[in-house]
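Undergrad: Here it is, the structure in full.
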Amino acid sequence: MMNGNQTDKTIRLTTAQAIVKFLQGQWTEFDGQTERLFAGVFGLFGHGNVVGLGQALEEYGHDLAFYQAKNEQSAVHQAMGYAKAKNRLSTFACAASTGPGSTNMVTGAATATANRLPVLLFPADTFVRRRQGPVLQQIEDLMGGDITVNESFRPVSRFFDRVSYPEHLLSALPEACRVLTDQADTGAVTIAFHQDTEGEAWDFPAHFFSPRVWHIPRRPPAADEIDRAAALIRSSERPFLIAGGGVRYSRAGAAVAAFSERFGVPVGETFAGKGAVPVGPYHLGAVGVTGTGAANAMASQADLVICVGTRLQDFTTASNSLFQNRGVRFVCINVAGRDAYKLGASPVVADARLSVERLHEALEAGGWQATEEHRTQASAEGRIWADLIDRHLERPPDQIVSQGEVIRALNRHARPGDVVVAAAGSPPADVHNLWDHSNGTEVHLEFGYSCMGHEVPGAMGYKMARPGETEVYVIQGEGGWLLSNPEIVSAVQEGIKVTVILVTNDGYQSIRNLQEGTTGVLFGTELRFREGDTGRLTGDVLPVDFVLNAQSLGCRVFHAPDIPDLEKALVDARQSALPVVIVCPVEPYRMLPGGGAWWDVGVAEESEKAEMRLIAELHLKGRESQRFYYAGAAGSADRV
């Protein structure tokens, strides 16, 4: 074998054994912190991986622990939670059997890629030699014999490869690690492997398995990009800063907070950036569709928006309607060029922390600061919004506890280092809007893909990365619970202590609220019996006993119909060694007040119902606020 300037020493291994041996030798380094790139493997064994990868893990996986998931999608979510808690320096591989086991991971792959969280997926495949004919769980594609269901991973993965021969690993695995550690383009990496290839032996170069450290650099900003950005900031009077997930991964929170306080720039946070910036005098909380009225008021009037580490999803920009200043301009700081150039921005394609620090130095030298009027308004808007929320959380005498009250009670109870996790529906929206992280807590909101079912496994992954005294709390409704609760069994099995705050409100009330607001009717969004006379799901609410449901999974369970019950349950839960579920029935139709942002959805433009036509007309009128932002001579924005 030709090995360049290396020796000719080889090691004979199966393809699966080589994968296991290679993964155990991969490390990352960032700012002097070193981590194993792969902490272990999540998965479910079946035909296609049990006799190959399973055998390899048992014999060779001394530093690659295997964790038994109860659903392949949940395995990917658990890897995501771990990766986020490790600031993307470490993750898990996820393995699945042929056919449905593998395609179960597709949603997880999309969620990871949307959130730019690294996970490595090994879906099992067909036989490369085809001597067996069509195999169990294979779909025969009429377009070609080499097409399998694993092609479905291609559009949801940052990198996809298929291993048909053992030597394919020599290029596939290093490229997989390169993508996983690329801070601009990380996400799901998928390597499908054929069943017969998995057990095939080959003489691998011994040096292929030598330990390797993947150094993650801080990309310094170009001087001319900083100069242009600083010039735009100096010419502004009403700047606003959006902190995204990139602030967290760059560990730029302190730099952003110092920038905000020194120059009087209000700060709003995206879902991914929630909790990344220490609270200061101009910290206005969430921005966008689920944002605070304070942040949205300042964003709508801003003449310059400084976007740091955000991909500017429609929930952040209010479907490109939030920034209403006619002459608004943008500076976008991002390691990903695609995001740095959005909205016609003046781009800074670089590390967030280094870029904010360089901008700070440039502005400090000139003595620039936002106007006193702007700074005064930001503080006033913050007080107005806080007062509105306090009044809203005062419960009417004829209602049961609201979800907002539950979140605030948990917020009061949480200690420094504790983590709150939410994904999809109203819980992440309310946490985004309401949670005060000045108490030293962390927040993980999966809203890049808004995937129900991420909550419990995501929290489990987070807890695995933060063992010890850290409490990891899940806030979710029935929808997410019914999709992901089997993983509580895994939590019990592995001793992974998470506490689930299960808010029950008789259905999918977040989407019901959207439906009613844009169509004027309710249809199929609540957990109700089907009525015989109408044939619709309009009967009584289903009498699901979520307390008994949770108890059957082996965890500790509390029923908390009111805040004092919840507060006592939280105290007891902190002392529990077992995973905990606290069931909190809440008022179905009492949502937090909106922050004044609009969101575009595809409303029905024609209907036989007058009410629906009127609502659609009002929504379509809202599209007049949408703008096309571009880098024109005046840096202005046009209506779409």
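Undergrad: Just going by the charge dipole of the range 137-217, with Lys and Arg at +1 and Asp and Glu at -1 on Cβ, which of Thr197, Pro166, Val179 is farthest out on the positive end?
TA: Val179
Undergrad: What area, in nm² and to one decimal, does the C-alpha convex hull of the range 420-473 cast on average over all directions?
TA: Averaged projected hull area, Cα only: 3.8 nm².
Undergrad: Now, a different point. Taking each pair of distinct Cα atoms in the range 119-166 once, what is the resulting Kirkwood hydrodynamic radius in Å?
TA: 12.1
Undergrad: Given a cut-off of under 8 Å on Cα pairs at least six residues apart, what relative contact order in percent is computed for the range 1-103?
TA: 32
Undergrad: I've got another one for you. At 7 Å along the Cα-to-beta-carbon direction for both Leu514 and Leu170, put a label point, then send me their distance in nm to one decimal.
TA: 4.9
Undergrad: What distance in nm separates the two pseudo spin-label positions at Asn439 and Ser576, each 7 Å out from Cα along the beta-carbon direction?
TA: Between Asn439 and Ser576, the simple spin-label model gives 1.9 nm.
Undergrad: Which of rounded, prolate, oblate describes the range 115-238, given a ≥ b ≥ c as roots of the alpha-carbon gyration tensor eigenvalues and a/c under 1.5 marking rounded, otherwise prolate only if a/b is larger than b/c?
TA: Oblate is the answer for the range 115-238, as a/c is 1.5 or above yet b/c matches or exceeds a/b.
Undergrad: Above 12 angstrom, tally the Cα pairs of the range 548-607 and express them as a % of all pairs, no decimals.
TA: Tail fraction, whole percent: 75.
Undergrad: While we're looking at this one, here's another question. About its Cα centre, how strong a charge dipole does the range 543-599 have in debye, to the nearest 20, once Lys and Arg get +1 and Asp and Glu get -1 at the Cβ?
TA: 160
Undergrad: Using the alpha-carbon centroid of each, what span in Å lies between the range 7-42 and the range 585-603?
TA: Centre-to-centre (Cα) distance: 47 Å.
Undergrad: Related question: Can you return the lysines within cross-link range of Lys609? Criterion is Cα-Cα under 29 Å, with same-chain partners fewer than 8 residues away left out.
TA: By straight Cα distance, Lys609 reaches Lys621.
Undergrad: Could you tell me what fraction of 2.2 N^0.38 Å the Cα radius of gyration of the range 55-126 comes to, as a two-decimal ratio?
TA: Against the empirical 2.2 N^0.38 Å value, I get 1.09 for the range 55-126.
Undergrad: From largest accessible area down, sort Phe159, Phe523, Phe22; use a 1.4 Å probe on the protein chains.
TA: Phe523, Phe159, Phe22
Undergrad: Another one. For the chain, what is the calculated [θ] at 222 nm in deg cm²/dmol (nearest 500), taking -39500 (n - 2.57) for each run of four or more DSSP H residues and dividing by its residue count?
TA: -10500 deg cm²/dmol
Undergrad: So with the 1.4 Å probe, I'd like the accessible area per residue for the range 2-156, rounded to whole Å².
TA: 40
Undergrad: Rounded to two decimals, what ratio of Rg to Rh does the range 485-579 give with C-alpha atoms and a Kirkwood Rh?
TA: Computed over Cα atoms, the ratio is 1.09.
Undergrad: Please get the size of the charge dipole for the chain, origin at its Cα centre, with Cβ charges of +1 on Lys and Arg and -1 on Asp and Glu, quoted in debye to the nearest 20.
TA: 1060
Undergrad: Ok, one more. In nanometres, what is the gap between the two model label sites at Val601 and Gln138, each 7 Å from Cα along Cα-to-Cβ?
TA: Result: 4.4 nm between the two label points.
Undergrad: In µm²/s, what is D for the range 135-189 at 37 °C and 0.692 mPa s, where D = kT/(6 pi eta Rh) by Stokes-Einstein and Rh is the Kirkwood radius from Cα pairs?
TA: It comes out at roughly 255 µm²/s.
Undergrad: Of Pro239, Tyr589, Gln55, which is farthest on the positive side of the dipole of the chain, counting Cα position, with +1 on Lys and Arg Cβ, -1 on Asp and Glu Cβ, and the Cα centre as origin?
TA: The residue sitting farthest along the positive end of the dipole is Pro239.
Undergrad: Answer with one residue from Gln403, Ala295, Phe546: the one whose Cα lies farthest towards the positive end of the charge dipole of the chain, charges on Cβ with Lys, Arg +1 and Asp, Glu -1.
TA: It is Ala295.
Undergrad: Contour minus end-to-end for Asp314 and Tyr589, with contour as 0.36 nm per residue of separation and end-to-end as the Cα-Cα distance?
TA: 96.5 nm
Undergrad: How much length would be gained if the chain were fully extended between Leu548 and Ile563, taking 0.36 nm per residue of separation minus their Cα-Cα distance, in nm to one decimal?
TA: Residue separation times 0.36 nm, minus the Cα-Cα distance, leaves 3.3 nm.
Undergrad: Okay, next question. What's the magnitude of the charge dipole for the range 55-128 around its Cα centre, counting Lys and Arg as +1 and Asp and Glu as -1 at the beta-carbon? Answer in Debye, nearest 20.
TA: 480
Undergrad: List the lysines whose alpha-carbon lies under 25 Å from that of Lys274, not counting same-chain residues fewer than 8 positions away?
TA: Hits, sequence-local ones excluded: Lys84, Lys86, Lys342, Lys463, Lys497.
Undergrad: When we measure straight from the Cα of Lys70, which aspartates and glutamates land under 13 angstrom away, once same-chain ones fewer than 8 places off are left out?
TA: Once the sequence-local aspartates and glutamates are set aside, what remains near Lys70 is Glu487, Glu494.
Undergrad: Given a Förster distance of 45 Å, report the FRET efficiency between Lys609 and Val213 from their Cβ-Cβ distance, rounded to the nearest 0.05.
TA: Approximately 0.10, to the nearest 0.05.
The values are calculated or read from the model by the stated rules, or taken from the named source; none is laboratory data. Everything numeric in this text was worked out from a predicted model, so none of it was measured. Cβ atoms come from the backbone with ideal geometry, glycine included; neighbour counts cover every protein chain shown. Remember, those area values only see protein heavy atoms, side chains included, never the ligands or the DNA or RNA. Shrake-Rupley method; radii C 1.70, N 1.55, O 1.52, S 1.80 Å.
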